[in-house]
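Step one of this worksheet: look at the structure below.
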Amino acid sequence: FAPYDAASRDEVAGLLARLRPGDRERLVGAMGEVQALMAGEEPAVVIRRHRPGDMGAIIAGQARVYAAEYGWNDEFEALAAEIGAAFLRKNDPARERAFIADLGGEVVGSVFCVDAGEGVAKLRMLYVDASQRGTGLGKRLVRECIAFAREAGYSGMMLWTNDCLAAARGIYVAEGFVLASEDRHHSFGVDLVGQTWTLNFGPA
């Protein structure tokens with residue numbers, strides 16, 4: 001059977017060679033999902049680094065979630081787009097990272113670690129698609145972000161959120177974040193209470 005196996009491998013290699021790198025990754029993801037479905041398993045969510053096209057999916061996903069659940073207008077989508085564009089233009093891979101939750105090639109969540117200055121990291125753009133609520137994905141993303149910040153040498157981490165985002169706040173509290181300040185503001189078409197939370201990493 002060796003000649004037949006070799007011919008089969010060559011044929012598949014030829015088919016794959018015609019695909020662009022991104023399409024190959026999509027194909028592998030789709031094959032994994034098919035395999036899981038045939039085995040009666042739920043496809044697994046993979047947390048990976050960002051790649052071309054992810055930022056648009058993140059911005060669109062966040063805009064849909066916050067509009068549907070909190071009534072925020074397109075000012076928020078504009079802010080998310082500005083944050084995403086700034087990250088793509090000047091992120092330092094050694095100190096900053098976007099974590100993407102990928103389910104069979106579909107973006108279902110994200111979180112960013114960026115440099116806030118003075119040796120402190122900033123957690124940004126945390127969101128989880130409604131289809132993944134209650135799975136622990138938000139906690140996974142936050143923990144990945146904190147672990148990266150520690151390894152990158154930051155002394156601590158901070159974040160800004162709004163008090164209406166109760167599920168996210170629960171994750172922050174569980175991971176040791178402490179409320180540093182609050183301020184009332186009118187943004188995204190609604191009245192909100194902004195909150196700054198901090199986490200001191202302490203000695204390694």
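The values are calculated or read from the model by the stated rules, or taken from the named source; none is laboratory data. This is a predicted model, so every value here is computed, not measured. Positions of Cβ are backbone-derived with ideal geometry, glycine not excepted, and every protein chain shown enters the neighbour counts. Accessible surface areas use protein heavy atoms only, side chains included; no ligands, DNA or RNA. Shrake-Rupley method; radii C 1.70, N 1.55, O 1.52, S 1.80 Å.
In the chain, helical runs assigned H by DSSP with n ≥ 4 each contribute -39500 (n - 2.57); averaged across all residues and rounded to the nearest 500, the mean residue ellipticity at 222 nm is -15000 deg cm²/dmol.
If we count GluC sites (Glu not before Pro) as exposed when they sit in a DSSP loop and have at most 16 other beta carbons within 10 Å, what is the longest stretch of the chain that avoids them all? Write down the numbers at each step before the final one.
Numbers: sites that count: GLU41, GLU118, GLU175.
The longest such stretch corresponds to 42-117.
Within the listed set SER181, SER110, SER155, the Gaussian network model of the chain (springs between alpha-carbon atoms below 10 Å) gives the highest mean-square fluctuation for SER181.
Going highest first, how would you order 183-190, 59-66 by mean Cβ packing within 10 Å? Mind showing how you got there, number by number?
On the way: 183-190: 12.5, 59-66: 19.0.
Output ranking for 183-190, 59-66: 59-66, 183-190.
LEU79 contributes an accessible area of around 60 Å² to the protein surface, as traced by a 1.4 Å probe with all chains present. Across the stretch 152-204, the relative contact order, built from alpha-carbon pairs under 8 Å that are at least six residues apart, equals 49 percent. Of the residues ARG49, ARG124, ARG97, the one that moves most in a GNM of the chain with alpha-carbon contacts below 10 Å is ARG49.
For the chain, with a Gaussian network of springs between Cα atoms less than 10 Å apart, report the residue from LEU19, LEU141, LEU88 with the top mean-square fluctuation. Of the options given, LEU19 has the highest mean-square fluctuation.
Counting only protein heavy atoms and a 1.4 Å probe, the stretch 1-123 has 62 square angstrom of accessible area per residue.
For a distance above 23 Å, tell me the whole-number percent of Cα pairs in the stretch 25-133 that qualify. Roughly 35 percent, once rounded to a whole number.
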